[in-house]
1. Anything in segment 97-153 that is among the β-branched types (Val, Ile, Thr) and more than 16 Å from residue 48 (Cβ to Cβ)? List them, or say none.
2. How many residues does segment 145-204 hold that are buried (at least 23 other Cβ atoms within 10 Å of the Cβ) and aromatic (Phe, Trp, Tyr)?
3. Take the residues of segment 82-100 that are in contact with a His (Cβ under 9 Å, 6 or more places away or on another chain) and not small (Gly, Ala, Ser): which is surrounded by the fewest Cβ atoms within 10 Å (Cβ to Cβ)?
4. In segment 235-261, which residues are in a loop (DSSP other than H, G, I, E, B) and in contact with a Phe, Trp or Tyr (Cβ under 8 Å, 6 or more places away or on another chain)?
5. Anything in segment 247-261 that is surrounded by 16 or more Cβ atoms within 10 Å (Cβ to Cβ) and at negative phi? List them, or say none.
6. Only residues in segment 217-239 that are free of Cβ contacts under 8 Å to residues at least 60 places away in the same chain and buried (at least 19 other Cβ atoms within 10 Å of the Cβ) count as the first member; pair them with residues that are hydroxyl-bearing (Ser, Thr, Tyr) and in a helix (DSSP H, G or I), Cβ under 7 angstrom, at least 6 apart or cross-chain, and list the lot.
7. Mind checking which pairs have a first residue in segment 51-66 that is closer than 16 Å to residue 121 by Cβ and a second that is aliphatic (A, V, I, L, M) and in a loop (DSSP other than H, G, I, E, B), Cβ under 9 Å, 6 or more apart or different chains?
8. Just wondering, is there one or more residues in segment 95-113 that are part of a strand (DSSP E or B), more than 17 Å from residue 64 (Cα to Cα), touching a residue at least 12 places away in the same chain (Cβ under 8 Å) and of a type in the set (Gly, Ala, Ser)?
Amino acid sequence: MSAIPLLRRFRGHVDLKIQSDPSVDVRIVERPGIHLDSRRCDALVADLRVVVARTLGGASLDYGVFTGAKERLDRSVITVIYRKGTDEPLAFSALAILPISLRGRSEDVLHLGLAMVDPSVRSHGLSWALYGLTVMHMFVRRQLRPLWVSSVSQVPAVVGLVDVGFSKVFPSCDTDRRPTLEQVAVAHQLMRHHRDAFGVGPEASFDEERFVIRNAYTGGSDHLKKSYEDAAKHRVDAYNELCRRELDYERGDDFLQVGQYDFAVVRRYLRRGNRV
């Protein structure tokens, strides 16, 4: 399936179902709080909570879309993967659309938020649908103009995935890369206005030299805090070393990564193919 022509057909806030894969169905819902009624929003959030409970051994999350609050759902893009032909949720990503001001213009940052996969299907290669297809949709919605993206994580595998998957990302394992003035501005506004969207409490402080959020797990994301030993590692050891060196896992630090989605990223995704 060609993703860009497909997504160009949708001009409103989409509730898009893709059924081309033989084993799973994919649903992408943009800003569900705006165009879905409360019953359908509650059902969507319930599907996310099912995957959270399976992934975290019965624990829950109490921030962002997981609260079910309309204002969070109004600015989210949610992708859910279901077992083929059923209503059983297997995985999801919950991305947040966060408004900022840059050079006197209004901009949206697409925060990559949280993705979770039921442990029973983690080896099934679902990442394309959870992030790739969803972010491409938002890129098309912007008429192919570069899209700011952000991610908050202490997991080396995720830090590496973001660095490799997007353009001009900071922090990076490239020790010569420094943040641009625009990236610093984006990071400060995210911390000033939107930390609740990624479960970071008011106690957390931000190191703008390293883009490290200190004491990040006090705003509803407590169950996501990991030790370095328990955090999934990247196949490139430079990302593992970056996290080990720069983050205090006992305190609960995170990297705030800021980058862009542009044509270079699209080309890389399309070369890999768009199968889920």
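1. First, the residues of segment 97-153 that are among the β-branched types (Val, Ile, Thr): 97, 100, 109, 117, 121, 134-135, 140, 149, 152.
Of everything in segment 97-153, those that are among the β-branched types (Val, Ile, Thr) and more than 16 Å from residue 48 (Cβ to Cβ) turn out to be 97, 100, 109, 135, 140, 149, 152.
2. Total satisfying the criteria: 2.
3. 99
4. Initial filter on segment 235-261 (in a loop (DSSP other than H, G, I, E, B)): 235-236, 247-253.
Of everything in segment 235-261, those that are in a loop (DSSP other than H, G, I, E, B) and in contact with a Phe, Trp or Tyr (Cβ under 8 Å, 6 or more places away or on another chain) turn out to be 247, 249, 252.
5. Let us first name the residues in segment 247-261 that are surrounded by 16 or more Cβ atoms within 10 Å (Cβ to Cβ), namely 247, 249, 252-261.
Matches in segment 247-261: 247, 249, 253, 254, 255, 256, 257, 258, 259, 260, 261.
6. none
7. 52/59; 52/61; 53/59
8. yes
Quick note: the coordinates plus some simple rules give every number you see, no bench work behind them. These numbers were taken from a predicted model, which means no experiment stands behind them. As a convention, Cβ positions derive from the backbone with ideal geometry for all residues, glycine included, and neighbour counts pool all protein chains shown.
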